[in-house]
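Report on the following structure.
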Amino acid sequence: MQISGATALVTGSNRGLGRHFATQLLERGAAKVYATARRPETVDIPGATVLRLDITDPASIAAAREAAPDVNLLINNAGVGTAASLVTGDLDDLRHEMETHFWGTLGVIRAFAPGLADGAMLNVLSALSWFALLGVTGHSTAKAAEWGLTNNVRVELAGQKTQVTALHLGTVDTDLTAFMDGPKGDPADAVRAGLDGLEAGRTEVLADEWTTKIKASLAGDPFMVAGW
């Protein structure tokens, strides 16, 4: 997939990784970038075409698809983080995680897939797709579901030659991780790695050393993956 000349749509473009995606796509020569958010008035990216898109609302997805029929590169970035636990957490929060990361992402894919023939999509996933960690078990479960979704959609869309790239990353410094302590990566670097991998035709991109170590540990005991 060549970004130069492409028409891209980025979900969750008003801040964090999404804002970096939209900006870097424009810098790399994308012909048009649809920068979407639930509140489009919060998007301020020079050169982008701003659209309203709530990925948990089928009517909003349909409206965005009608407004952007020329998309051939889809960046599924929109996400939430509720910190809900599976056993004791609020079920509404857990459903919100799944509605966003699984059902919402799937809804966007289904809407835009016909236009992605000979095009591409990149799904923003997480090292949390691969291990359990107290405090984010609901989020981890939803990202694991999105990982499975990504792998299976790749198979389904292979016949129309749609490249599907998964971007896995560790903790980066965005509003979503503001409550967390510890070292955080630069979101611009993670996005750059994802777009480099996309242009190189890779099916999976590991954006940082920590994520690479987590992926390599999967052959071992799952209880040891997070280093307990």
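With viscosity set to 0.692 mPa s and temperature to 37 °C, compute the Stokes-Einstein D of the chain, Rh being the Kirkwood radius across alpha carbon pairs; µm²/s, no decimals.
It diffuses with D of about 187 µm²/s by this estimate.
Hey, with R₀ at 22 Å, roughly what FRET efficiency would SER4 and ALA188 work out to, going by the Cβ-Cβ distance, to 0.05? Mind dumping the intermediate values first?
Details: r = 19 Å, r/R0 = 0.88.
It comes out at approximately 0.70.
Between ASN152 and ARG38, 0.36 nm times their residue separation minus their Cα-Cα distance comes to what? Numbers along the way, then the final one.
Details: separation 114, 0.36 × 114 = 41.04 nm, distance 2.70 nm.
Taking 0.36 nm per residue and subtracting the Cα distance, the gain is 38.3 nm.
Give me the distance in nm between label points sitting 7 Å out from Cα along the Cα-to-Cβ direction at GLU209 and ALA59, one decimal.
Calculated label separation equals 5.1 nm.
Ignoring solvent entirely, what values of log10 I(q)/I(0) come out of the Debye formula for the stretch 75-162 at 0.18, 0.21, 0.23 Å⁻¹ when each Cα is a single scatterer?
Scattering profile of the stretch 75-162, log10 relative to I(0): -0.74, -0.92, -1.05.
Quick one: how many lysine pairs in the chain have C-alpha atoms under 26 angstrom apart, if they're 8 or more apart or on different chains?
Working: LYS32/LYS161; LYS143/LYS161; LYS143/LYS184; LYS143/LYS213; LYS143/LYS215; LYS184/LYS213; LYS184/LYS215.
Count of close lysine pairs: 7.
Length gain on complete extension for the stretch SER217 to LEU106, per 0.36 nm per residue less the alpha carbon to alpha carbon distance?
Values: separation 111, 0.36 × 111 = 39.96 nm, distance 2.83 nm.
The span from SER217 to LEU106 would gain 37.1 nm if fully extended.
For the stretch 3-108, what is the per residue volume of the convex hull drawn over the alpha-carbon atoms, in cubic angstrom? Present the calculation step by step, with values, prior to reporting the outcome.
Numbers: hull volume 9.9 nm³, N = 106.
Spelled out: Cα convex hull of the stretch 3-108, divided by residues, is 93 Å³.
Counting only DSSP beta bridges with both residues in the stretch 58-209, what percent are antiparallel, rounded to the nearest 5? Before the final figure, lay out the partial values.
Numbers: 0 of 13 bridges.
Of the beta bridges lying entirely in the stretch 58-209, close to 0 percent run antiparallel.
Specify the angular offset, from 0 to 90 degrees and rounded to the nearest 10, of the alpha carbon long axis of helix 137-157 from the longest principal axis of the alpha carbons in the chain.
The angle comes out near 40 degrees.
State, to one decimal in nm², a quarter of the convex hull surface area for the C-alpha atoms of the stretch 1-64, i.e. the direction-averaged projected area.
Working: hull surface 16.8 nm².
Mean shadow area of the hull around the Cα atoms is 4.2 nm².
Where a number appears in this text, it was derived from the coordinates with a stated rule and is not lab data. Keep in mind that what you see is a predicted model, and the values were worked out from it rather than measured. Methodologically, a virtual Cβ is constructed for each residue, glycine included, from the backbone with ideal geometry; neighbour enumeration extends over all protein chains shown.
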